[in-house]
Amino acid sequence: MTTPPDSAVKFEIKDEQGFLVIHFVGEIDLHGSPHAREVILDCINQDRNTLINLSDITYIDSSGIASLVEGYQLAKNKQLEFGLIDVSKPALSVLKLAHLDKVFPIHNSLSERLQSP
């Protein structure tokens, strides 16, 4: 896991069957979201399909959601796949509140995503 300075969020990136999977751990808040945004956009700018694992996110605020939305929009513009996997209850609550659970492709696991067309 990598911990950016002054951030409550850690991350790890794995190359999994055609996707870069970014596993975030901790809080994606005002302090952590710039680092999360940078990591997400860097993966997409490598022209790679990207999945965000939010299973270990304990808190996400509007700045974290904005980072996800920006990544989704960039991926869509580049005709790349972008989605969320294994979303924690706290993160899912915020996504539902913003009605973004209807926008983002969300899967229970990487294997579930790999099985879907």
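The values are calculated or read from the model by the stated rules, or taken from the named source; none is laboratory data. Bear in mind that the values here come from a model prediction, so they are computed numbers and not experimental data. Every residue, glycine among them, receives a Cβ derived from its backbone with ideal geometry; neighbour counts consider all protein chains shown.
Residues in region 96-108 that are assigned to a helix (DSSP H, G or I) and either surrounded by 13 or more Cβ atoms within 10 Å (Cβ to Cβ) or aliphatic (A, V, I, L, M) (or both): LEU97, LEU100, ASP101. Residue under question is LEU54, and the condition is that it be in a loop (DSSP other than H, G, I, E, B), surrounded by 14 or more Cβ atoms within 10 Å (Cβ to Cβ) and modelled with pLDDT of 95 or more; does it hold? So LEU54 fails the test. Remark: pairs (first residue in region 64-78, among the acidic types (Asp, Glu) and at pLDDT 95 or above; second residue crowded, with 22+ Cβ neighbours inside 10 Å and in a helix (DSSP H, G or I); Cβ separation under 8 Å; 6+ apart in sequence or on different chains) = GLU70/ILE40.
Could you list, in sequence order, the residues of region 57-72 that are assigned to a helix (DSSP H, G or I) and either hydrophobic (A, V, I, L, M, F, W, C) or out of contact with any strand residue (DSSP E or B) (no Cβ under 9 Å at 6 or more places or on another chain) (or both)? Within region 57-72, SER62, ILE65, ALA66, LEU68, VAL69, GLU70 meet the criteria. Restricting SER93, SER111, SER62 to those that are under 14 Å from PHE19 (Cα atoms) and exposed (fewer than 14 other Cβ atoms within 10 Å of the Cβ) reduces the list to SER111.
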